[in-house]
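**Q** Once you've had a glance at the structure underneath, I'll fire off some questions.
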Amino acid sequence: MKTVFLSLLLLNAFSVFSQKPFTVEYRTEYLSFLRNDVDSNRVYQWMTSPSSPLYKLSVDNDLSYFRIIKPNIQKNRHAPILVEYYTDSNGAVYYPVAPITEKPLLAKDLPEGNWLFTTDTDTILGFPCRRASKLIGKEYVDAWYCWELPGRFGPFTYSGLPGTILRVETTYMRYSAINVNEETEKVNLPETAVIDGDEYRKMSREKRMYRAGLFGKRVDPYEVPRITRMRF
């Protein structure tokens with residue numbers, strides 16, 4: 001009887017999340033050296049600290065919004081960190097960039113590479129998850145996604161899996177879900193100009209070359225403030 005009751009409770013919870021918007025909060029963890037074991041093999045452990053940044057993913061039907069809610073606490077940091085991504089159901093990622101013109105601007109990128117599905121499973125915050133891997137550049141990324149949570153979204157630009165990603169692991173860092181909450185927060189893509197990401201990067205390079213005088217004259221056709229984007 002208890003098993004049947006728990007099963008019905010879980011099914012009811014999943015049905016609630018499948019019908020209404022929900023949010024996921026993530027914390028940043030770092031792979032740190034712990035000790036050498038008896039065989040002189042190094043032992044590492046995922047660790048975090050109170051100063052580590054926290055992020056929030058809001059999922060609303062066919063759109064998600066990912067942003068930082070607690071920045072990393074570091075001394076001597078002068079440039080602002082921009083962490084703000086919108087992702088649609090096709091995996092396209094939109095993020096604000098320094099405007100080429102006077103109007104606000106969103107760059108649009110499509111995800112690179114294909115996910116390789118595995119049979120590995122894990123449970124995160126009580127949600128069953130499976131692992132998928134992808135090669136990005138020269139680094140493999142592991143993503144643990146829950147197929148019971150709707151949407152093909154995750155932290156940063158990681159998306160395109162049949163479920164919400166609750167944990168992402170890179171070589172030395174990972175982003176783990178710490179809360180999954182039902183919230184009525186609506187997500188809408190900002191009504192602003194959208195530019196292809198490759199085209200924006202090309203125009204930005206031209207802008208920097210003009211500013212550096214590499215075209216034989218110091219004429220900057222795109223005089224806009226620079227912005228710092230977080231690397232991850």
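**Q** Tell me the residue from SER58, SER40, SER49 that is assigned to a strand (DSSP E or B) and either modelled with pLDDT of 70 or more or open to solvent by 40 Å² or more (accessible area, probe 1.4 Å) (or both), please.
**A** SER58
**Q** Just one of the numbered conditions (1) modelled with pLDDT of 85 or more; (2) under 16 Å from the mean Cα position of the chain (by Cα) is not true of PRO21; which one?
**A** (2)
**Q** I would also like to ask the following. I'm trying to understand the selection: among the residues of the range 171-194, which are within 19 Å of the chain's Cα centre (by Cα), within 18 Å of ASP60 (Cα to Cα) and not charged (D, E, K, R)?
**A** Matches in the range 171-194: ALA177, ASN179, VAL180, ASN181, VAL187, ASN188, LEU189, PRO190.
**Q** Is it true that SER159 is in contact with a Leu (Cβ under 9 Å, 6 or more places away or on another chain) and among the hydroxyl-bearing types (Ser, Thr, Tyr)?
**A** The answer is no for SER159.
**Q** Right, another one. Quickly run through the range 123-135 and pick out the residues that are over 15 Å from ARG174 (Cα atoms) and not polar (S, T, N, Q).
**A** LEU125, GLY126, PHE127, PRO128, CYS129, ARG130, LEU135
The values are calculated or read from the model by the stated rules, or taken from the named source; none is laboratory data. In this text, all values refer to a predicted model and were calculated from it rather than measured experimentally. Note: ideal-geometry Cβ built from the backbone for every residue, glycine included; neighbour counts use all protein chains shown. Areas reflect the complete protein model, heavy atoms only, side chains present, ligands, DNA and RNA absent. Shrake-Rupley method; radii C 1.70, N 1.55, O 1.52, S 1.80 Å.
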